[in-house]
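Here the structure is laid out as structure tokens; the discussion comes afterwards.
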Amino acid sequence: MSQLTFFTYPSCTSCRKTKKWLTAHSIDFEERHLFRETPSSRELLKILSLTTSGLDELLATRSQTYKKLEQNLEELSLSEVVQIVIKEPKLLRRPILTNGDKIVIGYNPNAFKNIAK
């Protein structure tokens, strides 16, 4: 299995619960602060390729950052959206946990069990 990468934001409740779950189950992971170590465009494209519903699964559409966007993301190219997300990582749902082959977005212990195998 590839190393788990855990994209997190420490003040996020779901992120703290995820970290607690991973630690309690003795699962090794690389922790990356989502806003200080924002995924690169290559990493975001890889993350997107692992989702089942693309941007809809990845974007925090209820966030204030999303609501304040002056652009309709559906009218932009994928590369334009990726660049916006890199500039505004608060647009991403969190936490994001990936092993390079599978992804879990949000707090989901049942899915954590599958990705950590």
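Quick notes on this one:
- Residues of region 1-49: accessible area per residue with a 1.4 Å probe, Å²: 60
- Taken over the chain, lysine pairs spaced eight or more positions apart, or on distinct chains, with alpha carbons under 23 Å apart number 25.
- Mean separation of Cα contacts under 8 Å, 6 or more apart, over the residue count of the chain: relative contact order %: 38
- Cβ-based net charge around residue 93, under 12 Å, with every Lys or Arg adding one and every Asp or Glu removing one: +1
- Structure-based [θ]222 nm, the chain - -39500 (n - 2.57) summed over DSSP H runs of at least 4, per residue, nearest 500: -10500 deg cm²/dmol
- Of all accessible heavy-atom area on the chain, the percent that carbon and sulfur account for (1.4 Å): 45
- Full-extension gain in nm, residue 51 to residue 76, via 0.36 nm per residue minus C-alpha separation: 7.1 nm
- Spacing of the two label points (7 Å from each Cα toward its C-beta) at residue 110 and residue 13, in nm: 2.1
- In this rough spin-label picture, where each label sits 7 Å from Cα along the Cβ direction, the residue 42-residue 67 distance is 3.7 nm.
- Cα-based equivalent ellipsoid, the chain: semi-axes from gyration tensor eigenvalues, Å: 25, 15, 12
The values are calculated or read from the model by the stated rules, or taken from the named source; none is laboratory data. Since the model is a prediction, treat every value here as computed from it, not as a measurement. Here Cβ is always computed from backbone atoms with ideal geometry, including for glycine, and neighbour counts include all displayed protein chains. Keep in mind that these areas ignore ligands, DNA and RNA; they rest on the heavy atoms of the full protein, side chains included. Shrake-Rupley method; radii C 1.70, N 1.55, O 1.52, S 1.80 Å.
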